[in-house]
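*Asks:* Structure below; questions to follow.
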Protein chains: 2
Amino acid sequence: MTPPKYLTGDKAGIDEFLSRFDVFLFDCDGVLWSGDYLFPKVAETIDMLRSKGKQLVFVTNNSTKSRADYKKKFDKMGITASEEEVFGSSYSAAVYVARILKLPAPKNKVFVLGETGIEQELKSEGVPYVGGTDPAFRRDIEPEDFTNLANGSALDPDVGIVLIGLDFHVNYLKMATAHQYLQRGALFLATNTDSTLPMAQSLFPGAGSAGAGVSKAVGKDPLSLGKPSQAMMDAIEGRFHFDRSRTCMVGDRLNTDIQFGIDGKLGGTLAVLTGVNKKEDFLAEGATTVPMAYMDQLGDLMG
Amino acid sequence: MTPPKYLTGDKAGIDEFLSRFDVFLFDCDGVLWSGDYLFPKVAETIDMLRSKGKQLVFVTNNSTKSRADYKKKFDKMGITASEEEVFGSSYSAAVYVARILKLPAPKNKVFVLGETGIEQELKSEGVPYVGGTDPAFRRDIEPEDFTNLANGSALDPDVGIVLIGLDFHVNYLKMATAHQYLQRGALFLATNTDSTLPMAQSLFPGAGSAGAGVSKAVGKDPLSLGKPSQAMMDAIEGRFHFDRSRTCMVGDRLNTDIQFGIDGKLGGTLAVLTGVNKKEDFLAEGATTVPMAYMDQLGDLMG
C-alpha cells in the first residue's frame with residue numbers, strides 16, 4: 001500500500017494535490033470544527049477552494065440536524081456555504097426512502113427513532129412518519145403499553161420502515177415500539193451507525209449505540225445510509241453528477257470518512273488530524289484504511 | 001446428538017422422565033407465565049411436583065425484581081413458592097460483587113443501569129450503589145451534562161463497577177454516564193444479556209438490548225452473571241447443595257436456559273414451547289443447543 005503523503009508545509013505538494021481534483025467532499029465535525037470551536041483558517045481555506053473553481057459538498061453523518069440547521073451553523077461559524085451543498089445522513093436516508101425504496105402509499109410510513117433532523121428531511125421528501133420528537137413517545141412505558149404494542153392496537157398499520165438515528169431522547173417505549181414494527185416485517189434503516197459521538201472533548205454514545213438495543217432485540221443490523229455506506233455516495237453522485245476520479249474525500253475518521261472515499265473509488269482521500277483518528281492509526285504496520293494524503297489540520301491547505 | 005423426546009400426551013414418558021430427577025430448576029418468564037398471563041395448569045403442575053417430593057428452584061434472568069418481589073408475583077399468580085426458592089440474576093450479580101470481586105471500599109460503589117430488583121439485592125449484600133431508580137437520572141440530557149460528564153464533575157469518584165440489567169427507564173443520560181465510568185476503567189458487569197423479554201405473548205427488548213448501547217459505545221461486552229453463566233450455577237449449587245446428575249433445568253430459551261443446564265452438566269433439560277424458541281430451533285439439522293426433552297407447555301406434565 002502506498003504510504004500517505006504528508007502535506008502540511010509542503011506548498012508544491014499541496015498545489016499538485018489540489019490540481020488533481022475538481023470536487024471536494026468534506027466531513028464537518030472534527031474537520032471544520034469541534035462542537036462550537038472553529039479550527040484555524042477554515043473559512044479562508046473554503047474561500048480559497050471556491051476561488052479555484054472547486055465544487056464543495058459537506059457530507060455529515062450527524063442526523064440530529066437537517067440541511068437547513070446545518071446552513072445556520074455554517075453562517076454562525078462564518079463559513080460560506082449554501083444549503084444545497086450540505087448532504088447529511090438524515091437527508092441521505094430520506095432520499096433513499098423516497099426515491100429508491102419507493103414503497104407504495106399508504107404503507108410507506110416511517111417510524112423514526114431520532115431527532116428533528118430526520119423529521120425535517122423526511123418532510124422535505126414528502127415521506128410520512130410517526131415517532132421522532134412526538135411528545136407521546138417521550139414518556140415511561142406503562143403496563144398497558146406492553147399489551148397494546150403486543151396486540152398491535154398501539155401501532156400504526158401503515159408503518160413499513162423503521163429509521164434509527166442519533167436520539168438524545170431514546171427510551172424503552174421507543175425501543176419497544178421499533179422492535180414491534182420490525183417483528184412485523186418493517187424494513188430496518190439507520191442514518192448511520194457511528195458507535196461514538198465526539199462532544200466536549202470526550203466520547204458519548206453515537207447513533208449506532210442509541211440504536212444498538214433495537215438491533216440486538218430483533219437480531220439484525222439496519223441498512224446504514226450514512227458514511228461509509230455507498231448508498232450515500234450514490235445519492236450524492238445522483239445529485240451532483242461529479243467525476244469520481246476527480247473527487248477527493250476529506251475527513252478525520254478512518255472507518256467512516258476515508259473508507260467512504262476508498263470504497264467509492266474516489267480519486268483521492270485526505271485525512272486531517274483534528275478529530276477522532278491519529279496518524280499512528282493509518283501509519284501503523286497492517287493499517288487497513290489508509291488515506292492518500294494527510295495534514296495536521298484543514299487550514300494547512302493555505303500553505 | 002440424541003434427538004429430544006416429545007413428552008406432550010406421553011404419560012408413560014412423563015412418568016419415566018420425572019423419576020430421573022429430584023430437583024427442578026425453573027425459568028419463569030415464558031415457562032410459568034408471560035407477563036401477567038399464567039399458562040394453563042401451571043399451579044397444579046408445581047403442586048404435583050411438590051407432592052412427589054421434588055425440590056424446586058426458580059431461576060430467573062429477570063433483574064427488575066428482587067427475590068421478595070418474585071415471592072409477591074408467585075402469590076398473585078396463585079403458585080406456591082417461597083422467597084428462598086427464588087434465585088434471580090440480580091441476586092446472582094450482587095453475590096458476585098460482594099463475595100467474589102470484593103473490591104476494597106470505598107472504591108466498590110456500583111453504578112446501576114437497571115430497576116429496583118438490582119438495588120434491593122445489592123443492599124441485601126451491603127454493596128453501595130448510585131444510579132438505578134434515582135429520579136436524578138430519569139430526565140433528558142442537557143448541554144451542561146456533556147461538559148460535566150466529560151470533565152468528571154458529574155461522576156462519583158468511588159464508582160468502580162458498572163452493572164447493567166433490564167431497565168424500563170433507560171435513557172441517553174444513563175447510557176452516557178455508564179459510558180463515562182467505563183472509559184475511566186470501571187468493571188463492566190451485567191445481570192444477564194438476554195436480547196428479548198417475553199411479555200404479553202410477544203417479545204420486547206431484554207436486558208441485553210437495554211445495555212447494548214453502552215456495550216457498543218465502549219466497544220466491549222459485560223461479564224454476564226445470569227444464565228447461561230456458570231457463575232450463576234455455582235452460586236445456586238452453593239446454596240442448595242443438589243446432585244447435578246439428578247437435576248433438570250426447565251426453560252423456553254435455548255441460548256440461556258437449555259445452554260445453562262448443558263454447560264452445568266445437569267442430568268437433564270426440558271424445553272417448553274410457550275416462550276422464545278420454537279421446536280424448529282432445536283429439531284433443525286445442525287442445531288447446537290438441543291434439550292433432552294420438550295413439551296408444548298409446562299402444564300402438559302399433568303398428563
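*Asks:* Could you give each residue of segment A:84-92 its phi-based ³J(HN,Hα) in whole Hz, using Karplus coefficients 6.51, -1.76, 1.60 with θ = phi - 60°, and x for Gly or Pro?
*Replies:* Result, rounded to whole Hz: 5, 7, 8, 10, x, 5, 5, 5, 4.
*Asks:* By the scheme Lys and Arg +1, Asp and Glu -1, what is the net charge of all other residues having a beta-carbon under 10 Å from that of B:Thr256? The partial results should precede the final answer.
*Replies:* Numbers: positive: B:Lys227, B:Arg253; negative: B:Asp27, B:Asp194, B:Asp252, B:Asp257.
Neighbour charge sum, excluding B:Thr256 itself: -2.
*Asks:* Show the residues, 5+ positions off or on another chain, whose built amide H is closer than 5 Å to the amide H of A:Gly88.
*Replies:* Under 5 Å from the amide H of A:Gly88 lie the amide H atoms of A:Thr60, each far enough along the sequence or on another chain.
*Asks:* Still on this model: Just add up the charged neighbours of B:Pro106: K/R +1, D/E -1, any other residue whose Cβ is under 12 Å from the Cβ of B:Pro106. Write out the running numbers ahead of the final one.
*Replies:* Working: positive: B:Lys107, B:Lys109; negative: B:Asp156, B:Asp158.
Net charge in that neighbourhood comes out at 0.
*Asks:* Defining a contact as two alpha carbons under 8 Å apart and six or more residues distant in sequence, what relative contact order in percent does chain A show? List each step's numbers first, then the result.
*Replies:* Details: 606 pairs, mean separation 71.3, N = 303.
After rounding, I find 24 percent.
*Asks:* Still on this structure: Tilt of helix A:67-77 relative to the longest C-alpha principal axis of chain A, in degrees (0 to 90, nearest 10)?
*Replies:* For A:67-77 against chain A, the angle is about 40 degrees.
*Asks:* Under 25 Å Cα to Cα from B:Lys52, which lysines show up? Leave out anything in the same chain fewer than 8 places away.
*Replies:* Correct list for B:Lys52: B:Lys5, B:Lys11, B:Lys41, B:Lys71, B:Lys72, B:Lys73, B:Lys76, B:Lys265.
*Asks:* Sticking with this structure for a sec: Projecting each Cα onto the charge dipole of the protein assembly as shown (Lys/Arg +1, Asp/Glu -1 at the beta carbon, about the Cα centre), which of B:Gly267, A:Phe87, B:Ser51 comes out farthest on the positive side?
*Replies:* Selected residue: B:Gly267.
*Asks:* Which of the peptides A:61-70, A:285-294 is most tightly packed, and how do the rest follow, going by the mean number of other Cβ atoms within 10 Å of each residue? Write down the numbers at each step before the final one.
*Replies:* On the way: A:61-70: 23.4, A:285-294: 16.5.
Those peptides, ordered most packed to least, come out A:61-70, A:285-294.
*Asks:* Could I ask something else about it? Of all beta bridges DSSP finds with both residues in chain A, what is the antiparallel percent, to the nearest 5? Could the numbers behind the result be given before it?
*Replies:* Details: 6 of 41 bridges.
Antiparallel bridges make up about 15 percent of those DSSP assigns within chain A.
*Asks:* Give me the percent of DSSP beta bridges within the protein assembly as shown that run antiparallel, rounded to the nearest 5.
*Replies:* On the way: 12 of 82 bridges.
Within the protein assembly as shown, antiparallel bridges account for around 15 percent of the total.
*Asks:* Using Cα pairs closer than 8 Å and at least 6 residues apart in sequence, work out the relative contact order for segment A:104-224, in percent. Walk me through the intermediate numbers first.
*Replies:* Values: 203 pairs, mean separation 30.6, N = 121.
Here the relative contact order equals 25 percent.
*Asks:* Could you please rank B:Tyr37, A:Tyr172, placing first whichever residue has the fewest other Cβ atoms within 10 Å of its Cβ? Mind showing how you got there, number by number?
*Replies:* Working: B:Tyr37 12, A:Tyr172 22.
Least crowded to most crowded, the residues run B:Tyr37, A:Tyr172.
*Asks:* Note the count of lysine pairs whose C-alpha atoms are less than 17 angstrom apart in segment B:102-224, limited to pairs 8 or more residues apart or on different chains.
*Replies:* Values: B:Lys102/B:Lys123; B:Lys107/B:Lys123; B:Lys109/B:Lys123; B:Lys109/B:Lys174; B:Lys174/B:Lys216.
Qualifying lysine pairs in segment B:102-224: 5.
*Asks:* Around A:Arg253, which amide H atoms from residues at least 5 apart in sequence, or from another chain, sit under 5 Å from its own amide H, with H modelled in the peptide plane?
*Replies:* Counting only residues 5 or more places away or on other chains, the set is A:Ile258.
*Asks:* Another one. Let me check I've understood the local charge: for B:Thr269, count other residues with C-beta under 15 angstrom from its C-beta, Lys and Arg +1, Asp and Glu -1. What total comes out?
*Replies:* On the way: positive: B:Lys5, B:Arg20, B:Lys227, B:Arg244, B:Arg246, B:Arg253, B:Lys265, B:Lys279; negative: B:Asp27, B:Asp252, B:Asp257, B:Asp263, B:Asp281.
For residues surrounding B:Thr269, the net value is +3.
*Asks:* Using a label position 7 Å from Cα in the Cα→Cβ direction, what is the ascending list of nm distances from A:Asp47 to the same site in the other copies?
*Replies:* Computed spacing set for this position: 8.8 nm.
*Asks:* Between 0 and 90 degrees, rounded to the nearest ten: what's the tilt of helix B:42-51 against the longest Cα principal axis of chain B?
*Replies:* Here the helix axis deviates by roughly 70 degrees.
*Asks:* Between A:Lys265 and A:Glu83, what is the spin-label point distance in nm, taking each point 7 Å from the Cα along the Cα→C-beta axis?
*Replies:* For the pair A:Lys265/A:Glu83, the computed spacing is 3.5 nm.
*Asks:* Using a simple spin-label model with points 7 Å from Cα along the Cα→Cβ vector, what separation in nm is obtained for A:Glu44 and A:Arg138?
*Replies:* 4.3
*Asks:* Multiplying the sequence separation of A:Ser19 and A:Ala287 by 0.36 nm and subtracting their Cα-Cα distance, what value in nm do you get? Don't jump to the answer; show the numbers that get you there.
*Replies:* On the way: separation 268, 0.36 × 268 = 96.48 nm, distance 2.75 nm.
93.7 nm is the gain from fully extending A:Ser19 to A:Ala287.
*Asks:* OK, next. Non-local amide H neighbours of B:Thr274 (under 5 Å, H modeled in plane, Pro and chain starts lacking H): which ones?
*Replies:* none
*Asks:* A further question on this structure: For the protein assembly as shown, what class follows from the C-alpha gyration tensor (a ≥ b ≥ c being the square roots of its eigenvalues): rounded when a/c is under 1.5, otherwise prolate if a/b is larger than b/c, else oblate? The partial results should precede the final answer.
*Replies:* Details: a/c = 2.37, a/b = 2.01, b/c = 1.18.
Verdict is prolate for the protein assembly as shown.
*Asks:* Per the helix-only calculation at 222 nm, which mean residue ellipticity applies to chain A, given -39500 (n - 2.57) for every DSSP H run of n ≥ 4 and division by its residues, nearest 500 deg cm²/dmol?
*Replies:* Details: 12 runs with 98 residues, N = 303.
Mean residue ellipticity, 222 nm, calculated: -9000 deg cm²/dmol.
*Asks:* With θ set to phi - 60°, apply the Karplus curve 6.51 cos²θ - 1.76 cosθ + 1.60 along segment A:286-301 and write out the HN-Hα couplings as whole Hz, x wherever there is a Gly or Pro.
*Replies:* x, 4, 9, 10, 10, x, 6, 8, 8, 9, 4, 7, 4, x, 5, 5
*Asks:* In whole Å, what are the extents of chain B along the principal axes defined by its C-alpha atoms, from largest to smallest?
*Replies:* That works out to 67, 36, 35 Å along the principal axes.
*Asks:* Describe numerically, in nm with one decimal, the distance between label points set 7 Å from Cα along Cα→Cβ at B:Asp296 and at B:Lys123.
*Replies:* A separation of 4.4 nm, rounded to one decimal place.
*Asks:* Other chains' Cβ within 10 Å of A:134-146 residues: what's the mean?
*Replies:* Values: counts 0, 0, 0, 0, 2, 0, 4, 3, 1, 4, 1, 4, 10.
Counting other chains' Cβ atoms within 10 Å and averaging over A:134-146 gives 2.
*Asks:* Between segment B:220-276 and segment A:66-138, what is the separation of their alpha carbon centroids in Å?
*Replies:* Result: 47 Å between the Cα centres.
*Asks:* Per-residue HN-Hα couplings for segment A:217-223, Karplus 6.51 cos²θ - 1.76 cosθ + 1.60 at θ = phi - 60°, whole Hz, x for Gly and Pro?
*Replies:* 4, 8, x, 8, 8, x, 6
*Asks:* Let me ask you something else. Round to the nearest 10 and give me the degree value, 0 to 90, for the angle of helix A:230-240's Cα axis relative to the longest principal axis of chain A.
*Replies:* For A:230-240 against chain A, the angle is about 70 degrees.
*Asks:* Right, another one. Considering Cα pairs under 8 angstrom that are at least six residues apart, work out the relative contact order of segment A:229-303 and quote it in whole percent. Intermediate values should be presented prior to the final figure.
*Replies:* Details: 108 pairs, mean separation 20.1, N = 75.
Relative contact order here is 27 percent.
*Asks:* Suppose R0 equals 30 Å. What FRET efficiency, 1/(1 + (r/R0)^6) with r the Cβ-Cβ distance, do B:Asp75 and B:Asn148 give to the nearest 0.05?
*Replies:* Values: r = 44 Å, r/R0 = 1.47.
With R0 = 30 Å, the Cβ-Cβ based efficiency is 0.10.
Read-outs throughout are calculated quantities, based only on the coordinates presented, and are distinct from any laboratory measurement. Worth saying up front: this structure is predicted, and the values here are computed from it rather than measured. Positions of Cβ are backbone-derived with ideal geometry, glycine not excepted, and every protein chain shown enters the neighbour counts.
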